[in-house]
Structures are given as C-alpha cells and as structure tokens.
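To start, the structure itself, in structure tokens.
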C-alpha cells in the first residue's frame, strides 16, 4: 500500500520579536483501496484496464460504462494531490487559532460542490463540535476548500487534524504541539490588553505577576507544577488573570505575613478567573487573630470567578478559608476540597465574608482546635462568619470543633453589618460535631433570612443550643427543611440546653417592635429525631421570647421525627412564648420526656399571662406522648399552660394519646382520613389535602399541599 507524505508549513509568529510557538506539521496520507484497483499488486490497474478493453470489444454496449469507471478511478487517485496547508494566524488566549486551505492540484477535474470534512482527535472547536465541513469552490480560478478562523480550545499537546472527502479515506496529521520558547523578554506573547493578554507559559512568567500593573490582562497558557516553595504573589494584585481552566499544582506555602495565600491580597479592581489550584499546602508561623489566610488569597477585595482549590490548610488563629481568608469582594462559581483547620473564623471556602457569595461550594473537611485566646469564633462548612448574602451554594465536608461559639454545616454565623441579608437556595449535607454554644445543620447562629434552603446532616452538639437547620435565629425562615438527627450531648450544666428539629431557638434578639406575622417559620419542616436537651421540640425548641410585642409564628409547617427532652418536650415546639402563634401546621412526632418533666403533642409549655397567651389554630397532633418514668405531666396538645381560648380548631389523635385528658378536638385515627371531621376554617382547597388512596400508607391524615406538587390545587 503506497504512502505519500506531504509537509505542512506553519508560519512563524513574530510576537515581541520571538520565534513562532508552533513547529512544522506533517501529514501522512494513506492511499485507500478504490473500486476496480488492486492496491497490493503493482500491475493490477493495467490488468484491469486491459480486461475492460477486452470486454468492451466483445460487447460494444458496455464500452461507454467502462470508460466512465476508469475515469472515476483516476479521479479518486488524483484527489490525493491536495495541499493541506494550515497557517497559524494568531495565538488566542484560550486556545489555538488558525486557518486551513486544501487545494486541488489537478485543476482539470471538476470538484466544485464536493464536501471535505476536517476533524479533531481531541477537544473541540469553538462551537463545541469536533469537525467542520467545507465545500470545494473556485477562488481566482483555483478549486480549493477554505477553513478560515478555526479555534481549538485548551492548548494541550498532541492535536491531530484529519481530512476526509469523496474518493479517499481519512488522512491524519502527525501530532503538533504548542510550546513556549525560552526568551529574555517578560512574556512570550501579548501586550497586556483584554484582546491580547500577556501569556504565562513558565514559572518565571508566573512570578512576573508580582509586578503586574492594575488593569493589565494575563492568561495562563499551560498547566504549571511548582518545584520550589511558593512565595505569595503580592503584596496587592490588581490585574486580571484568566486561568484558562488550567491548573497550578505542587504549591507549598509557609509564611508569617498577615495575609497569606497563593496571592497575598487581591485588591479592588483585581480579578482572578478560571484558575485551579491543586495540592496546595499552607502553614503560617505565628498567625495573628486579625490575620487572613486562604488557599487562593489571604484577602480579596476584587472578583473571584470560576476558581477551585484543593487544599491542606492548618492555621491556629485568624480568618481562615479554603479559598479566601477574608473576602471583601465577590466570589462566584468557585469551590474547594481537602482539609481546612482554622482559628478565629474558619470556613471551607471563606473564613469571613462581607460581600455576596454565589453558585459556590466546598467539600472540604473543616475543623478547629481549642484556642483559648480567640473570642467568639465561628466555624462553617462553607463560610465561618458572613455579613453578606449567600446564594445557590452548598457544603458537604465534615464540620468539627473542640470549642467555638457558632458552628454550622454551611455558615458558622450570619450577621449583617446593617440592613437585611439572606441565605437563598443553599444547602448542606455536612455532619456537624461540635463543642459550641450554638450548632446548626445549616447555620449555627443566624440574623439573616433563610429561604428555600435545607440541611440533611446530623448535628451533635456539646453545648447550649442546637437545630437541624439553625441553632438560633431572629429572622424569617421560608420553604426550608432539615432531615438530620439533632442531639445535645451534655453531662454537666445542662439546665439551659435547647434543641429543635429545624431551629433550636427562634426569638427576637432585642426589644424592637416587630409587626405580627413578619417573623415567621413558614412552609418548612423537620424530619430528624431530637434528643438530649432540657427543652426539645420537633420543629423548634423555643419559639418566641417573653415580652409585650408580637413575636414568631409557625405557619404551614410540620415535624415528624421522634422528640425526647429532659424537662420539656413538644411535637412541634418545646416552649412557646406569649404573642407567638402556631397555625395550619401538624406533627406526627412521638414525644417522650424524662421523669418529672412536661410533654405535649403540639408543645410542652405554653407561656401566658393574665391576658395573653400563645395561640394554636387549625393544627393537629398525631403524636404518642409518654414519660420515661413516673411523675411526668403529659397532655395530647399542650403539656403545661393550656388555655382553651388559645387553642382553636385544633385536633389530636385519641388512639395515639389515650387517657391523657380530654381537651376538645380528640378524634380516632380513622376520622383523620375524612376532611369532614375538621370543623372550622380548615381550608382543604388551598392549604390542606387528604392524600388520594395509593399515594401513601394508611392512615392518610391531612397533609399540606406544598409537600407534593401533584397535590396543588387546579
């Protein structure tokens, strides 16, 4: 089989006076088998023609067809004489840009309109495809196929271009590679503009970022592996770096500065995008409480977008994050993995944040050792301490602490400097195990609204307050859920411990006036078990604070996990303060209390004064209520503080709580399947539904329509 080798010339680039960054490309063409031609025998073609002539003489009717076949064979052979001549036009920041022209050498053949396909063996062209098709046209009297302005993403080595068309099999180029030539100039190409950024080809190029000027643009051209300990780039990086989705690996940092990371500080106006840091190790000698330590940057007031960091960080004090220690700039679409051990405020992504974080996550394990010199430390799977919004973000690493004030699976503490902030569409699957004042599956201590967020990890807290979603909050919670078990571990000093399946304590944090209905837990749920605390609730441990202003409401919520308390336990709430309200909610939690304690199907204790008490309306409890030993106070609805005028249109299952008293609203289990059993303002058109048969196991008690989209009204 005959082989034909053509050489492809690649034009040199004279960028900044440097030689081209591409070498020559060779194409190796393999002549295919063609109809009527035996490629293995040198005389096969001649023999075939002789046979054809003989056939034509014996049968004149086929002579014309034979002549056409021979012409077609010649046409197929002539097609091998195409010129495949890519010319490198420019170096694009995100790949290789070039044009290819294939010229028909034998212009006596009319191939206009024929299609030729050019394909890549790896990666893709700019539009995401792996091949392009062109048509043979006549240009200035020459038949050719033009493939202008092609762009290959990601400048790796080993590309092959393949051409194929009528009459010949695919032919493939030898691999061609991109390489950065050694040079004495600052950068191998580019002028620092947005359209032509400086290219970072080498480690020497990388460290020239120390001298980067504000507004200059840089692009990482190929992956880099550091062989020596890394000195943070800085002190202030104000340029724009595009990592081009490439990685820098082998990063070891040991420093005693106040801001330490791959960059010391990204200042306002600086941007780092699409950069991946792999195997980054960071240790700090003599860290300080106000220091900032992170994988990508110690501090950032700029923009971080599309960056990742695989880290091993161990810093005893300061603000410590897998990506950034202290962030005063935006972070989006970024993530971390590995291990983060920190000090004052510690997070898998950010230690302390003052500006919105969006579309980001961390799978890093986050922990903190007992450092007595640090006051009120916060620890979170994503962010330790936040003063800003968090949107569409999540965490999954383990969160553990020997001593901290606020520990959460996602955020340790959320507290705005001013105004209102929110956590929206975010989640955590992190397991939280901590010695802490406040522990939460999502947030340890929250002064921010939480909407459409959830936590699924278990929370085990050796401390005062724990919640499946939030430890303590004084803001609204909407369409949010927790499914993990909540456990208070307490051997001594347990008199003030509180636990809730969703929230440990929901109450105003000051004496300011709050209009009724503004502070709500709405359309939310808790399904995990709750145990170990002095006061325990299936949804909330303590709802509201004693006082003379409207306080928290529970609306359209449910709990289903078993609840046990040392002194007080309730299916929905452990203790409810006056001016608070539970409405259009339900619980199926089994409730248990220790000896001499108080338990109720809806709430263990309802506080009231001579005039006002907590209201419970259009709610039901399908709960067993029991005592670990004798001497308990047990009631099917309210364990202590029940006043008939405060409990309205509310029902309880007499089969599950027999002999516990006889407040109004007792129904046998079977009657819960009939909406006609519920008198008063029970809205079975918009709020409630009896699930259709086959939708769930019996008994089919009322459920909230939001629990299942298919149950929503027409």
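Key figures for this structure:
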| read-out | value |
| --- | --- |
| Ordering of 208-215, 496-503, 248-255, 456-463 by burial proxy (mean other Cβ atoms within 10 Å per residue, highest first) | 496-503, 456-463, 248-255, 208-215 |
| Label-point separation, residue 494 to residue 146 (7 Å along Cα→Cβ), nm | 8.4 nm |
| Directionally averaged shadow of the range 356-429, computed from the convex hull of its alpha-carbon atoms, nm² | 4.8 nm² |
| The range 577-714: mean projected area of Cα convex hull, nm² | 9.0 nm² |
| Residues listed by number, the range 399-432, amide nitrogen under 11 Å from residue 290 label point at 7 Å toward C-beta | none |
| Peptide ranges 383-392, 273-282, 351-360 listed from the most packed, as the mean C-beta count within 10 angstrom indicates | 383-392, 351-360, 273-282 |
| Orientation-averaged projected area, Cα convex hull of the range 396-555 (nm²) | 8.4 nm² |
| Potential lengthening between residue 675 and residue 595 on full extension [0.36 nm per residue; Cα-Cα distance subtracted] | 25.1 nm |
| Residue-span extension gain [residue 418 to residue 256] - 0.36 nm each, minus C-alpha spacing | 55.0 nm |
| Relative exposure of 115, 693, judged by other C-beta atoms within 10 Å (fewest first) | 693, 115 |
| Computed label-point distance, nm, for sites residue 685 and residue 193 using a 7 Å Cα→Cβ extension | 6.7 nm |
| Percent of alpha-carbon pairs separated by more than 17 Å within the range 280-400 | 42 percent |
| Residue 391 paired with residue 214, simple spin-label distance in nm, labels 7 Å along Cα-to-beta-carbon | 2.7 nm |
| Peptide ranges 222-233, 564-575, 395-406, 634-645 listed from the most packed, as the mean C-beta count within 10 angstrom indicates | 564-575, 395-406, 634-645, 222-233 |
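Each value in this text was obtained by applying a stated rule to the coordinates, not by laboratory testing. All values reported here derive from a predicted model rather than from experimental measurement. Quick reminder, even Gly has a Cβ in these numbers, built from the backbone with ideal geometry, and neighbours come from all protein chains shown.
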